[in-house]
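Down below is the structure, laid out as structure tokens.
Just so you know, all these numbers are worked out from the coordinates, no wet-lab data involved. Just so you know, these numbers come straight off a predicted model, no measurement behind them. Reconstructed Cβ throughout: ideal geometry from the backbone, glycine too, with neighbour counts over all protein chains shown.
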Amino acid sequence: MSDRIVDAVTLVENTTHDLSAWGLFLQADIVVKFVILVLILASIWCWAIIFEKSRSFGKVNKKANKFEHAFWSGEALEKLYGRIKNKPGDPMARTFCAGMQEWKLSSENDDGGDLGASLHQRIDRSMATTINREINVLERYMIFLATVASTAPFVGLFGTVWGIMNSFAAIAGSKNTSLAVVAPGIAEALFATALGLVAAIPAVMAYNKYSTDLQRYADRLDAFSSEFSAILGRHFEQAHRHRASQREVA
């Protein structure tokens, strides 16, 4: 009886494994190691994107508030355009410059005809193109967040399934179903699933948040472009009526 107890203790000691995260990684199969490395790199890249997006959205909203304050302060549009046209610092300012540039070109080429409708179309098209380009820049790397959010759990599950298959194969080969023998291999496999969730959960939360922030900012730019287009239309009509009255007097 005592010999059996000694043999059991010896077996447990011989099958002792390091169950720390680093130990589980070192003891894992090569495929599981690859899966773990992919998930760790994906998680690191996701956090880098999260910090970059947080900084970017905070920056553009702050600059948009500053520009809107200047725009609605009563400063002449020509003066504001002349001050920022060489270096517009944010998407809203670039949208403003695109509209002003189209308006100035149309005003300079006005031969006295009715350009009202076509002018509105050109201004709207110019600003819409600028907005789409700026939104595409802000949208960069969002696809990666969505990809990690949707695939990381399945990548981790693949590592887990592969690790468990290897563990069962080793158990069958050794013909030993002791918990001390089974547990380490199962732990190594489940470690991949845990890392998959660690990568996916922040990616899901960040994607949902920044998608909402991006849509709000796009709506803000669209609202500004509509208001600005209406203002430019009124300016053009006033200038057109003024020139027409001058020609009548002459």
Q | Whole-Hz couplings from phi, Karplus 6.51/-1.76/1.60, listed for segment 89-94; x for Gly and Pro | A | x, 7, x, 5, 5, 5
**Q.** Residue-by-residue Karplus 3J(HN,Hα) for segment 74-81, coefficients 6.51, -1.76, 1.60, Hz, glycine and proline x
**A.** x, 5, 4, 4, 4, 5, 5, 5
Q) Using the Karplus equation 6.51 cos²θ - 1.76 cosθ + 1.60 (θ = phi - 60°), what ³J(HN,Hα) coupling, rounded to whole Hz, does each residue of segment 195-205 give in order, writing x for Gly and Pro? A) 5, x, 5, 4, 6, 6, 4, x, 5, 4, 5
Q. In nm, to one decimal, how far is the GLU227 label point from the LYS63 one, both placed 7 Å along Cα→Cβ?
A. 1.9 nm
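Is there a pair in LYS59/LYS104; LYS66/LYS209; LYS62/LYS209; LYS62/LYS87; LYS66/LYS104; LYS53/LYS209 whose C-alpha atoms are over 20 Å apart, and which pairs would that be? Let's see the in-between values first.
Working: LYS59/LYS104 29 Å; LYS66/LYS209 23 Å; LYS62/LYS209 18 Å; LYS62/LYS87 17 Å; LYS66/LYS104 24 Å; LYS53/LYS209 10 Å.
The answer is LYS59/LYS104; LYS66/LYS209; LYS66/LYS104.
In what order do GLU68, GLU134 fall by count of nearby beta-carbon atoms within 10 Å, going from fewest to most? Could you put the intermediate results ahead of the total?
On the way: GLU68 15, GLU134 19.
Listed from fewest to most nearby Cβ atoms, that is GLU68, GLU134.
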